[in-house]
1. Could you tell me whether any residue of the range 247-257 is in contact with a helix residue (DSSP H, G or I) (Cβ under 6 Å, 6 or more places away or on another chain), closer than 29 Å to residue 79 by Cβ and modelled with pLDDT of 95 or more?
2. Give the range 398-416 a look and list any residue that's closer than 17 Å to residue 369 by Cα and either assigned to a loop (DSSP other than H, G, I, E, B) or out of contact with any helix residue (DSSP H, G or I) (no Cβ under 9 Å at 6 or more places or on another chain) (or both), or say none.
3. Limited to the range 158-188, what total is found for residues that are over 14 Å from residue 142 (Cα atoms), modelled with pLDDT of 80 or more and within 34 Å of the chain's Cα centre (by Cα)?
4. Looking at the range 20-67, which of its residues are touching a residue at least 40 places away in the same chain (Cβ under 8 Å), out of contact with any strand residue (DSSP E or B) (no Cβ under 8 Å at 6 or more places or on another chain) and outside any helix (DSSP H, G or I)?
5. Looking only at residues in the range 374-392 that are assigned to a loop (DSSP other than H, G, I, E, B) and more than 10 Å from residue 408 (Cβ to Cβ), which one is nearest to the chain's Cα centre (by Cα)?
6. Can you tell me which residue among 232, 237 is over 14 Å from residue 277 (Cα atoms), out of contact with any strand residue (DSSP E or B) (no Cβ under 7 Å at 6 or more places or on another chain), touching a residue at least 24 places away in the same chain (Cβ under 8 Å) and part of a helix (DSSP H, G or I)?
7. Would you mind finding the one in 122, 176 that is surrounded by fewer than 22 Cβ atoms within 10 Å (Cβ to Cβ), under 21 Å from residue 65 (Cβ atoms) and touching a helix residue (DSSP H, G or I) at 6+ places or on another chain (Cβ under 8 Å)?
8. Taking the range 128-146 as the region of interest, how many residues are in a loop (DSSP other than H, G, I, E, B) and under 18 Å from residue 114 (Cβ atoms)?
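The values are calculated or read from the model by the stated rules, or taken from the named source; none is laboratory data. Only a predicted model underlies this, so the values are computations on that prediction, with no experimental measurement involved. Positions of Cβ are generated from backbone atoms using ideal geometry, with glycine treated the same way; all protein chains shown enter the neighbour counts.
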């Protein structure tokens with residue numbers, strides 16, 4: 001049992017809606033599958049978006065359709081790609097249109113065909129173009145006729161031919177393709193749309209779409225160069241897919257710009273690698289968004305640098321995860337800011353290390369929260385300094401663990417409002433307190449000096465300085481005193 005209540009760990013089997021609604025937002029940070037399996041379905045009615053966002057993604061594997069059905073629609077606003085990936089396909093049976101419409105588009109990157117097949121048809125009424133665009137093409141293999149018929153026309157505009165060709169043929173005929181503006185789709189769609197309108201079978205229309213060559217794309221993507229890329233209209237990138245990206249020489253990415261990136265389907269990013277990222281102009285990152293980041297292979301982040309980070313929209317960080325962070329060069333963190341930190345999923349902090357922390361601007365720490373601190377490896381705190389601590393919220397410092405405190409450089413404590421004593425007290429607190437033991441002379445002198453300072457009206461900082469001087473004086477006396485050997489017979493008759 002790892003669900004944290006206001007007064008300790010809770011038994012998930014006794015959870016109710018009322019109890020759930022009173023829990024802190026980080027109650028599910030360490031939840032596991034067994035906790036969710038043991039929880040009554042109707043208790044999920046007390047869930048919120050903030051609690052969902054902070055939930056350990058792996059815990060979603062304990063969810064079922066009844067639990068999802070009991071959850072308030074707006075709680076889905078806390079869903080991320082990792083939550084979706086961990087959720088059993090059958091749990092999608094509890095979804096409805098309001099829940100889907102509340103879900104961030106980036107969460108759809110975690111969908112697969114089985115999940116799509118288990119989703120009620122009317123739930124598609126909550127989809128929009130951004131959500132469809134973020135959906136992996138393979139997931140569309142789970143679509144069926146009633147579902148496609150229920151999809152809002154606007155949502156269809158988020159699809160490209162790689163997605164359309166993944167839809168089972170029997171489901172394709174359920175869509176009014178003529179209602180989709182041709183300019184909203186990629187180059188092959190016009191041929192597909194004409195084929196369907198002229199009475200072609202879906203299979204023949206797909207073939208016609210595949211034969212509709214984009215005049216801007218080389219026959220072999222391996223022949224692409226930076227010059228060719230730079231002359232390509234931005235909207236032509238809407239026809240790219242992961243296989244095409246994989247075939248393209250890394251240096252061709254030197255012709256990319258932000259508008260071209262912004263037009264690329266999120267799933268095309270699966271074809272990126274570190275060399276391609278390194279070759280791309282920093283400003284091109286301005287076209288990135290969270291679904292694109294979520295589709296990027298983790299090792300591709302090895303091509304990032306500080307300039308690329310600085311050019312990336314803050315909300316694109318919503319697609320990051322711990323593996324991607326681990327793969328990123330430390331100096332790339334120099335492009336981070338507070339808004340980017342705020343947009344990043346808490347569990348992505350699990351990929352941080354001390355060098356990455358050292359490279360991060362102090363101001364970026366203003367975007368940290370308690371959940372992010374809880375996910376941060378203890379040794380990463382070795383990269384902290386006083387400026388970074390000064391920018392961190394009290395909520396964040398209060399969440400620090402003993403191990404994190406132990407790894408933090410001593411001079412970093414100077415950046416805390418209370419000199420670090422508040423966080424130190426929380427981090428070093430013993431959860432089980434026995435009767436107090438005798439105080440040694442050093443501690444006694446320090447506390448006496450602090451009390452005297454408080455009585456005389458000096459500031460806490462001055463009192464702490466006096467306490468330190470008093471403690472040092474006692475230690476000096478102890479060092480100068482003659483050594484006294486222990487008498488093993490002392491106290492014996």
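1. Taking every residue of the range 247-257 in turn, none turns out to be in contact with a helix residue (DSSP H, G or I) (Cβ under 6 Å, 6 or more places away or on another chain), closer than 29 Å to residue 79 by Cβ and modelled with pLDDT of 95 or more.
2. Scanning the range 398-416 gives 399, 400, 401, 416.
3. Qualifying residue count, the range 158-188: 5.
4. 25, 56
5. Restricting to residues being assigned to a loop (DSSP other than H, G, I, E, B) and more than 10 Å from residue 408 (Cβ to Cβ), the top hit is 376.
6. Just a single option satisfies the conditions, and that option is 237.
7. Result of the check over 122, 176: 122.
8. Count: 4.
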